[in-house]
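Any read-out appearing in this document is the output of simple, stated calculations on the displayed coordinates, not a laboratory observation. Bear in mind that the values here come from a model prediction, so they are computed numbers and not experimental data. Cβ sites come from the backbone with ideal geometry, for glycine too, and all protein chains shown count toward neighbours.
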Amino acid sequence: MRKGVLKVTVCCLMGCLMFGSPWMTADVYSLSGALPVAGSAFVLDGNKDGNTANKNTKGTSSSGNSETTNSLSQTKKKALVSAGASSAVSEKKEDKKENENQNEDKEIEEKKTGLPTAGGQKAIGTEADSEKGQKEEEEEKIEEQVEEPIQEEQEEDEGGLVIAQVSNYVNVRGSASEEGEVVGKLYNHSAGELVKKEGDWYQITSGDVTGYVKAEFVVIGEAAVELAKEVGNRIAVVNTTTLKVRQSPDTEASVLGLVPEGDVLTVSEEQEGWVKVSIEEGEGYVSTDYVHVSTEFVRAESKEAEEARLAKEEEERQKALEAAEQAERERREREEEQRQEEENTVSENIADGTEESHVVQVPAAPAPKKEETAPAPMVTGSGMGANVASFATQFVGNPYVYGGSSLTNGTDCSGFTMSVYKNFGISLPHSSGGQRAVGYDVGGLANAQPGDLVCYSGHVGLYIGNGQIVHASTPSTGIKISSAAYKPVVCVRRIF
């Protein structure tokens, strides 16, 4: 293209030199300024400039060389048109090639990134691409629908609550086989957490035990959640010095009773800021600001923990027996010393002549009668526990005093059992909640023996046999005898 333009320019220059026309020189400058450059817009402007130049040439001719001038003008015009056309064709080819290269670059970039390039046709997408995208979305939806039930089934087999349903206990084994080593025991209604399912076995963790139990002896999922409502104890532990139990969930409501710090109350109902609990005086409400609420479950016990517990219980039992025997010896020694003192006093009086050798027995003045109460039943059984129960029954009718521990002047429930056992050399905490942890559990009221502690929600009594307890009940009733099953029993603890 550039060679063609140079030829036209050379021809024009030669014409100017031959004819020496001044206007032709000016026209050559116009042609020189009208040479096409890169770009279609400049090609169009060049054609226009060339046509204008021809017109000006024709309009300013004043000699007889008009034919030559016209011929040169026509030559210039053809040369310019030819040059412009050639330039346009060349430019179109280059543009087409450049566009093809750009499209190839865009396709490569899209393949690398997976995203359409800005400003390209790929950004809009074709009909085939749209159908492909819709098909992929439908396939993803189908996959999600297929995967959802599988996920739910996995969730049922992993995690969540597991509760034993057996007559006594189920062995927890080290492997999913009846030949596996026994690593612990999961007692009836004991709870744990499900780890995973392996055939007919569940791997669980409970307390300090991790192992396998046969699936037929436990329940999981919704069944476990429902059973937990029956076997799990929802409790509130008092965390203030003296807690007021009110008749309604209102700080202005009248006080039903008082509960000391550390006592454990059974929760029967929950609402915002308050829980309904059971105490000896009845059911009332306490603010959750002064109690810690939780669910209490029995947990599995490892073989090592069971052995340690049994050894400790036996040690504590022996200590309690020794303490009780020591207390009994000291009591007899005190009685003997008192008898000796009385005898010595009588002998001294006889020696001084102040009293005759024969002593006349004078009837003692009758003691003031207590309020009419039912006679204390005979304590069944024998042994140290029976001695404790017999000793406790002699205080029936004495007053109840909150926080007190005097068997004669007034005591509360835990102060009563504490003071009774103190006479046998055994120290107990002054709290019904604290006494739930002394001694060892005997597995319920059916296994109770005289002298056992029977624990209730915020209350404790002393079992005396025949399904009865002696306890410091309320300020209005004092120390009395009641049926051991008069309210739900939380646990029964044995000292001896």
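Quick notes on this one:
- Taking a ≥ b ≥ c as the square roots of the eigenvalues of the Cα gyration tensor, the range 232-296 is classed as rounded, since a/c falls below 1.5.
- Contact order normalised by residue count of the range 209-289, Cα under 8 Å, 6+ apart, percent: 24
- In this label model, Ser382 and Asp208 are separated by 3.9 nm, measuring between points 7 Å along each Cα→Cβ vector.
- With a Förster radius of 22 Å applied to the beta-carbon distance between Ser427 and Thr477, the computed FRET efficiency rounds to 0.20.
- The range 166-224: C-alpha gyration tensor shape, a/c 1.5 cut-off, then a/b vs b/c: rounded
- Unsatisfied cross-links (Cα-Cα over 24 Å) in the set Lys319/Lys480; Lys319/Lys487; Lys185/Lys312: Lys319/Lys480; Lys319/Lys487
- Length-normalised contact order of the range 416-492 in % [C-alpha pairs under 8 Å, at least 6 apart]: 28
- Estimated distance in nm for a label pair at Val231 and Glu313, the labels positioned 7 Å out from Cα along Cα-to-Cβ: 1.9
- Full extension of the segment from Glu283 to Tyr169, taken as 0.36 nm per residue of separation minus the current Cα-Cα distance, would add 37.7 nm.
- Taking a ≥ b ≥ c as the square roots of the eigenvalues of the Cα gyration tensor, the range 370-496 is classed as rounded, since a/c falls below 1.5.
- The packing ranking, built from the mean of other Cβ atoms within 10 Å per residue, places the peptides 487-494, 425-432 in the order 425-432, 487-494, highest first.
- Among 448-455, 245-252, the order from most to least packed when residues are scored by Cβ within 10 Å on average: 448-455, 245-252
- Residue-span extension gain [Ala223 to Glu193] - 0.36 nm each, minus C-alpha spacing: 9.4 nm
- Using the Cβ-Cβ distance between Asp200 and Glu306 with R0 set to 30 Å, the FRET efficiency works out to roughly 0.75.
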